[in-house]
Each structure stands twice: as C-alpha cells, then as structure tokens.
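One structure is given below, encoded as structure tokens.
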Amino acid sequence: MRQRITVQMPAQTESRDSYGQPISQPTTIGTFWAEVLPLTGHELAVARQLKAQASHKVRLRYQGAAPLSPEMILTLKGRTLGVIEVRNVEERNRRFEMTCWEMQGTGPV
C-alpha cells in the first residue's frame with residue numbers, strides 16, 4: 001500500500017457562484033494509503049459482468065471512522081475513480097477491496 005488516495009463524497013447540496021450558477025464541491029472524507037491495481041485477464045471479465053466499465057481494484061486498510069460506499073469518488077495523482085462495489089474482505093474489519101472505474105469528466109474513460 002504505497003499510493004495515497006483521497007476519498008470524497010459527491011456534493012449533496014449545491015452552492016451558487018456570483019453568477020448564480022450551481023457549484024458542486026465534493027466533501028473530502030480522508031486521505032489514505034492504498035494499493036491501486038488495474039484489472040487484467042479473468043478478473044476483468046468477472047468484474048465487467050458486474051459493471052461494464054470496471055477497470056481497477058483498490059485495496060486499503062479498514063477505516064472504521066470512514067464508512068465507504070459506492071457513491072464515493074477516489075482521486076489518485078490527478079486521476080478520478082468511481083467506486084462500483086465495496087467489500088469488507090472476510091468480514092473481519094481489516095481490509096477493504098473496491099472495484100472501480102476510471103472517470104474522465106462525468107463518464108468512464
């Protein structure tokens with residue numbers, strides 16, 4: 001786990017700029033050490049049965065104070081990953097595995 005990711009929740013309410021245009025600012029949950037792996041081979045085929053855009057697996061240690069959910073967004077060195085699925089590995093509250101897709105703007109790459 002050598003990569004720093006920032007976990008964000010998309011804005012629930014929109015604020016307005018000086019021209020009255022909506023601004024949606026995501027709320028930062030925290031920054032954590034994680035392992036980001038591109039999916040390959042069989043893993044990719046299985047993940048794409050769940051959601052067609054699945055492209056990465058992200059592993060991080062259990063964050064008790066920060067509940068993770070599929071609505072969240074991960075940022076990593078200027079890249080944005082949308083969360084598809086969050087799994088508590090072995091239900092032991094030690095490690096999370098997330099299936100993600102890389103976003104560009106508001107859609108998949």
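The values are calculated or read from the model by the stated rules, or taken from the named source; none is laboratory data. What you see is a predicted model, and the numbers here were worked out from it, not measured in a lab. Note that we place each Cβ from the backbone using ideal geometry, even for glycine, and neighbour counts take in every protein chain shown.
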Looking across region 2-26 at residues that are without any contact (Cβ under 8 Å) to a residue 60 or more places away in the chain and surrounded by 11 or more Cβ atoms within 10 Å (Cβ to Cβ), the single one that is nearest to THR75 (Cα to Cα) is PRO26
For region 76-93, pairs from a residue that is more than 13 Å from VAL58 (Cβ to Cβ) to a residue that is aromatic (Phe, Trp, Tyr), with Cβ under 7 Å and 6 or more apart or across chains, are ASN88/PHE96; ASN93/TYR62
Those strands (runs of 3 or more DSSP E) completely within region 2-109 that have 1 or more residues that are touching an Asp or Glu at 6+ places or on another chain (Cβ under 8 Å) and modelled with pLDDT of 85 or more are 3-9, 56-61, 79-88, 95-104
